[in-house]
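We did not get these values from a lab; they are worked out from the coordinates using the rules stated. Being a predicted model, the structure only gives us computed values, none of them experimental. All Cβ positions, even for glycine, are placed from backbone atoms using ideal geometry, and neighbour counts span all protein chains on display.
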Amino acid sequence: MPETLPPPFDRDPRPVAAIFRTPLFNASETFVKAQAMGLTRYQPLLLGLEDKGNIPATLAGRVLLKGASGWRAFAERARPFAPLLVHAHFGTDGLKALPLARRLGVPLLTTLHGYDVARSRRALLLSGRPSWLRYALRERALQQGGELFLAVSEALRRQAIARGYPAARTVVHYNGVDLAGFPAGPGAPDTILFVGRLVEKKGVEILLRAFALVRRESPSASLIIVGDGPLRGRLERLAGESVRFLGLQDPAVIGEWMRRSTVLAAPSVTASDGDAEGLPTVIIEAAASALPAVGTDHSGIPEAIVDGETGFIVPERDAEGLAARLTTILADRAQRDRMGAAARALAEKRFDLARQMKRLEEIYDRVRAEGCG
């Protein structure tokens, strides 16, 4: 590696993995930051187009923004760092990063997170977003040119293959969380927690209808909604008493609410434009916090909530079923304690960040050894 590189690259002998994301980072994309910070045998170089103000201090010296330069010039600016691969997040960014990886002569890995697989081509074309339009028109180029695709759930992998992603080069890699950062708490009686963007696929309107039914059986129940989004105004108008909207919150605040809550609600649905989840990280965080969850039979959610063991699974848009299961957990302390302990055990087995980062770096090793396709 050239000696003229800035710190910390000038004194870090580890091979470089370039992490590509157009915005570095959206506030909700804690999983991308966690992976970048969790590398041990590789060091991250963050490539992107825009600094959104959410780059952790530990990564601040590892950012290279495209700025006004063209893609060829951007690749030449990245070349001295000698990245051995490019890892893009979301199919839209994988398509952007494909020529970048080719110019650098390194393999491209793309993590598929949800909307990039679930949204129909028509919905992407009608979105009006330039990157989505381009993805709808040129997705096949990514499928053919990408070295490896990482789906965040088995359900998403199946969807990706049905969409045209190559089965032999599309594998499951779960996002992980730092288990030490989510210790179990005492919980508060009758507190239901929701965390997520306030968009259609998150199912918050169904949750509000379910909560009205919960209140008939549990008048002291409260609902905490953490997150923001375009539907917030409408949802606040629909909400009744004992519903608090807290807006965006730092991860530490979210962790504290998990320790203070009784149950997590994850009522995700397939949106009208086909948008769907991959596997919401908040469910993994709840499991790490020994917090039982009630979620829908949607995409990868049943891979993080074992029905009857770590929580309950209900059909999409079933407000009555959601209410019944939430009420059951609120009413039975012994059951929710058992479910919470089982959820923590599942998090340790399947979603431990340290273990998942070890597996990711082993994937990096394999892709490097196999070279570009």
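Here are some notes:
- What the phi angles of segment 134-147 give under the Karplus curve with 6.51, -1.76 and 1.60, with θ = phi - 60°, is a coupling list of 4, 5, 4, 7, 10, 4, 4, 5, 5, 4, 7, x, x, 6 Hz, glycine and proline written as x.
- FRET efficiency estimate (nearest 0.05) - Cβ-Cβ, Ala331 to Gln144, R0 51 angstrom: 0.45
- Separation between Cα centres of segment 67-107 and segment 306-339, rounded to whole Å: 45 Å
- Neighbour net charge for Ser299 - beta-carbon separation under 11 angstrom, K R +1, D E -1: -3
- Stokes-Einstein D for segment 196-260, Kirkwood Rh over Cα pairs, 20 °C, 1.002 mPa s (µm²/s): 173 µm²/s
- For segment 292-332, fraction of C-alpha pairs farther apart than 13 Å, in %: 45 percent
- Modelled label positions at Val171 and Glu154, each set 7 Å beyond Cα in the direction of Cβ, lie 1.7 nm from each other.
- For segment 236-297, the dipole from Cβ point charges (+1 on Lys and Arg, -1 on Asp and Glu) about the Cα centre works out to 300 debye, to the nearest 20.
- The charge dipole of the chain, taken about the Cα centre with unit charges on the Cβ atoms of Lys, Arg (+1) and Asp, Glu (-1), comes to about 980 debye, rounded to the nearest 20.
- Between the alpha-carbon centres of segment 246-281 and segment 1-40 there is a gap of 27 Å.
- Per-residue ellipticity at 222 nm computed for the chain from its helices equals -12500 deg cm²/dmol, with DSSP H segments shorter than 4 residues left out and the rest contributing -39,500 (n - 2.57).
- Cα-Cα separations in the chain greater than 29 Å, expressed as whole percent: 42 percent
- Ordering 274-286, 6-18, 331-343 by mean Cβ neighbour count within 10 Å, with the highest value first, yields 274-286, 331-343, 6-18.
- For the chain, a Gaussian network of Cα nodes joined below 10 Å ranks Lys358, Lys96, Lys349 by mean-square fluctuation, and the top entry is Lys349.
- Across the chain, Cα pairs under 8 Å and at least six residues apart give a relative contact order of 16 percent.
- Charged neighbours of Pro8, selected by a Cβ distance under 13 Å, balance to +1 (K, R count +1; D, E count -1).
- Computed E for Arg260/Ala27 - FRET, C-beta separation, R0 30 angstrom, nearest 0.05: 0.90
- Here the extension length gained between Arg209 and Ser272 equals 20.8 nm, from 0.36 nm per residue of separation less the Cα-Cα distance.
- With a simple spin-label model that places each label point 7 Å from the Cα along the Cα-to-Cβ direction, the separation between Leu126 and Asp178 comes to 4.3 nm.
- Charge-dipole axis of the chain as Lys and Arg at +1 and Asp and Glu at -1 on Cβ define it, positive-most pick from Val269, Leu142, Ala118: Leu142
- Residues with amide H under 5 Å from that of Phe312, placed H, sequence gap 5 or more: Ala293, Val294, Gly295
- Reported value for segment 179-350: 94 Å³ per residue, from the convex hull of its C-alpha atoms.
- Between Glu309 and Asp250, the simple spin-label model (points 7 angstrom out along Cα→Cβ) gives 3.7 nm.
- Our coupling estimate for segment 222-233, obtained by passing each phi through the Karplus curve with A = 6.51, B = -1.76, C = 1.60 and θ = phi - 60°, is 10, 10, 10, 10, 9, x, 9, x, x, 8, 4, x Hz, Gly and Pro reported as x.
- Top positive-direction residue, dipole computed over the chain with Cβ charges, set Val171, Gly94, Leu198: Gly94
- Residue-by-residue Karplus 3J(HN,Hα) for segment 336-349, coefficients 6.51, -1.76, 1.60, Hz, glycine and proline x: 5, 5, 5, 5, x, 5, 5, 5, 4, 4, 5, 4, 5, 7
- Simple Cβ-charge dipole of segment 179-350, Lys/Arg +1 and Asp/Glu -1, about Cα centre, in debye nearest 20: 380 debye
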